[in-house]
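The values are calculated or read from the model by the stated rules, or taken from the named source; none is laboratory data. Remember, it's a predicted structure, so these values are computed and weren't measured experimentally. Here the Cβ positions follow ideal geometry from the backbone for every residue, glycine too, while neighbour counts run over all protein chains shown. Accessible surface is based on the protein model in full, side chains and every heavy atom, while ligands, DNA and RNA are left aside. Shrake-Rupley method; radii C 1.70, N 1.55, O 1.52, S 1.80 Å.
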Amino acid sequence: MELPSDIIELVHLEALDIQGSGVDNIPPHIEKLICLKRLRVSFATKSGNENASQEVHFNYNITSKISILEELVIDVKSPEQWSNEVVENITKEVAALQELKSLKFSFSDKVVDVIEVAPMTLRISVPKATILLSFIESSSWKDVQSISSFEFYVGCQNSKPPQIPDFFRYDKYVKYSNSVGSNSPILRVLAEADGFELVNHKDIKQLSDFGISSMNKVQGCLIESCV
C-alpha cells in the first residue's frame, strides 16, 4: 500500500513500475531517486469512484523534480479520469523535464501517447489547444517557431495514421478534431504548420474562418466531416 521511504537508498535505480499495486500516487520521496529515468504509476480517486474525475488526486509537482526522467506512464482506471484539467496539470509539470521522451496514459484497453519526443519529431496528442501551448511555453522550446519538426493532434487520439495524402512530405503537421470555432491557440500553431487536417468541426463554414494569415505556410490540407 505504501512505498517505503528507504527506497531512496537505491541511488542507481533507473526504472520503477508500481502500476497495479496499492500505491496510487507518486510518493514524495521519489524525487530523491536522482537516476530515475522511467516511472510507471497508477492513478486513483479519493472516493474510489472510477468516474469521479473531479476527485482525482495526484502529486503533480513531484514529477518535475525527477530531473532526468525520460518516460512517465500513468495507469488510469477509466477514460473519464483523463479530464482536460488532469492532462493539463501533468503536462505543465513534465514540460520542465529536459530529458523527457514520453508521457503516456494507460487504460485497460489502450495506451494513449500524450507526448512523444522522437529522434527528429515532437509528437503531442491533447484534448485542447491550450494544453498544447501550455506544454510548449513551459518547455525548453518556448514557442512553436523553435520546433523544427512536429506532429500535433488536438481533440483526437493519434492511434490512426494521418489521412492527408503524402503525409511524409510535411515536417510540421496539425490535426484538429472535434472542436468548435477557431480559437487563438490553434491559430498560433497553424501559423507554423505546412500540413493541416481539419476533422469533424460542425460550425466551420469556410477555411478562411481560421484566418488566411494563420495558414501562409500550409502546403497540404485535408477537410473531413465539417458542415
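At-a-glance table
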quantity: Nearest 10 degrees, 0 to 90: helix 84-94 Cα axis against the chain principal axis; calculated: 70 degrees
quantity: Nearest 10 degrees, 0 to 90: helix 129-138 Cα axis against the chain principal axis; calculated: 60 degrees
quantity: For region 102-157: rounded, prolate or oblate by the Cα gyration tensor [a/c cutoff 1.5]; calculated: prolate
quantity: Rg(Cα)/(2.2 N^0.38 Å) for the chain, N = residue count; calculated: 1.09
quantity: Karplus (6.51, -1.76, 1.60) ³J(HN,Hα), θ = phi - 60°, over region 140-155, in Hz, Gly and Pro reported as x; calculated: 6, 6, 6, 8, 5, 4, 7, 8, 6, 8, 8, 10, 10, 10, 10, x
quantity: Region 59-155: equivalent-ellipsoid semi-axes (sqrt of 5 x gyration tensor eigenvalues, Cα, Å); calculated: 20, 15, 13
quantity: Percentage relative contact order, the chain, counting C-alpha pairs under 8 Å, at least six apart; calculated: 11 percent
quantity: Cut-off under 5 Å, modelled amide H: who pairs with residue 75 long-range; calculated: 41, 42, 43, 106
quantity: Unit charges at the beta carbon, dipole of the chain: most positive-side option, 132, 220, 170; calculated: 220
quantity: Calculated [θ] (222 nm, deg cm²/dmol) that DSSP helices of n ≥ 4 give over the chain, each run adding -39,500 (n - 2.57); calculated: -4000 deg cm²/dmol
quantity: 1.4 Å probe accessible area per residue over the chain, in Å²; calculated: 49 Å²
quantity: Within the accessible area of the chain (1.4 Å probe), percent carbon and sulfur; calculated: 48 percent
quantity: Size of electric dipole in the chain: Cβ of Lys, Arg +1 and of Asp, Glu -1, about Cα centre, debye, nearest 20; calculated: 500 debye
quantity: Under 5 Å, built H, 5+ apart or other chain: amide partners of residue 222; calculated: 196, 197, 198
quantity: For region 119-227: rounded, prolate or oblate by the Cα gyration tensor [a/c cutoff 1.5]; calculated: rounded
quantity: The chain: antiparallel DSSP beta bridges as a percent of all, rounded to 5; calculated: 20 percent
